[in-house]
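Data block below; observations after.
What follows is calculated from the coordinates using simple rules that are stated; it is not laboratory data. Given the structure is predicted, the values throughout are model-derived calculations rather than measurements. Note that we place each Cβ from the backbone using ideal geometry, even for glycine, and neighbour counts take in every protein chain shown.
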Number of protein chains: 2
Amino acid sequence: MDDLVTHTEPQPAATPGTPSWAPQHDPKEPETFAECTRAMVPVHEVLAQISGKWTILVVQALSAGPQRFSEIKRRIDGVSQKMLTATLRDLEKDGFVSRTVTPSIPPRVDYALTEMGRELQEPLKVIGNWAHANRHRVEEARERFAEREEEAKRLAW
Amino acid sequence: MDDLVTHTEPQPAATPGTPSWAPQHDPKEPETFAECTRAMVPVHEVLAQISGKWTILVVQALSAGPQRFSEIKRRIDGVSQKMLTATLRDLEKDGFVSRTVTPSIPPRVDYALTEMGRELQEPLKVIGNWAHANRHRVEEARERFAEREEEAKRLAW
DNA sequence: CTGGATCCTATCTGATACTG
DNA sequence: CAGTATCAGATAGGATCCAG
């Protein structure tokens, strides 16, 4: 019982070149790892944006069609007005959501996914499905990690 | 020129039911929006994890094969030892990365993607490709947003 | 070599109150 | 109704020093 080694497969030992994933590049133009890292920056920015506490839920809510501020707020349980405003602003800034103001009294503001926002749903669906399908595996992994932690504590005393 | 309306398509008006994306469900078991929202929680947790400042880069680095702590650190420009440790710990906790300790002197610790970690690369690749392919659209959207902001400022004075 | 412990800063989030 | 302002608490990230 070698608990320390979770190693499932030896894997072909580190190849120092370009990682396999992320944007595919022209094989004629080999990239250094540093260049590849730089290429990942926009990827991270998008991920950082969509992983805001409320972003996914807002996109999800808007996937049902254009809605007013209060409709969205009602749909999303627990969101504060401040955070919903901020989230919508960020999504608008990046071009995922459109904001339509009707200067009436009282004012009316409608939000909707833009073409790009709807396109974003596809990759989001992929990772969403993956996360949903694997949530139990992650939970189990966390439990095993917690057990190993307690085990380590007991050994320390 | 109706700048306020970015609306590209009217879209079929909000349908109050289940959003179209996220984990597909059995059509025989219609979910309320609240239930669907709850189903998104694990999705968000995974996204929150992989959107840490260094997580993607670590997974990317490890996609080249098992490596020691210092190798990973060398690959990732600018990461502090503290954050790399924390990121690796979190990835280990969720079962994406395995940690192998060789109690020699000096100690040697190898990290590698687990089977689940390698599976994660696929959805990550999808969203990575999307982000990379659309980075210019996002940039343009941000510029247009900044312009609209300045325009609004000028009108305010 | 690896990584824990501390201290410090920046950002995020939430609750409340106020405005057009 | 929609949104801004403010204040306080929680977290993430980083720098540095110490230890097995």
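Worth a mention:
- Cβ pairs under 7 Å, 6+ apart, first in the stretch A:70-88 and among the hydroxyl-bearing types (Ser, Thr, Tyr), second in a helix (DSSP H, G or I): A:Thr87/A:Thr55; A:Thr87/A:Val58
- All helices (runs of 4 or more DSSP H) inside the stretch B:63-157 with 3 or more residues being away from DNA strand C (no atom under 16 Å from the Cβ) and β-branched (Val, Ile, Thr): B:115-156
- Among residues of the stretch A:99-109, those that are at the interface with another protein chain (Cβ under 10 Å from one of its Cβ atoms) and over 26 Å from B:Val138 (Cα atoms), counted: 1
- Being at the interface with another protein chain (Cβ under 7 Å from one of its Cβ atoms), over 16 Å from A:Ala131 (Cβ atoms) and free of Cβ contacts under 8 Å to residues at least 40 places away in the same chain holds for only one residue in B:Ala112, B:Ala152, B:Ala131, and it is B:Ala131.
- Residue that is surrounded by the most Cβ atoms within 10 Å (Cβ to Cβ) [pool: residues in the stretch A:74-84 that are out of contact with any Lys or Arg (no Cβ under 8 Å at 6 or more places or on another chain) and under 20 Å from A:Ala64 (Cβ atoms)]: A:Arg75
- Only one of the numbered conditions (1) away from DNA strand C (no atom under 13 Å from the Cβ); (2) part of a helix (DSSP H, G or I); (3) surrounded by 22 or more Cβ atoms within 10 Å (Cβ to Cβ); (4) not hydroxyl-bearing (Ser, Thr, Tyr) is not met by B:Val58, and that is (1).
- Every residue from the stretch A:83-120 that is of a type in the set (Ser, Thr, Tyr) and within 13 Å of DNA strand D (Cβ to nearest atom): A:Thr85, A:Thr87, A:Ser98, A:Thr100, A:Thr102, A:Ser104, A:Tyr111
- For A:Glu115, the test of being within 22 Å of B:Gln121 (Cα to Cα) and within 23 Å of the chain's Cα centre (by Cα) is failed.
- Sole residue being more than 9 Å from DNA strand D (Cβ to nearest atom) and more than 7 Å from chain A (Cβ to nearest Cβ), chosen from B:Ser80, B:Ser70, B:Ser63: B:Ser70
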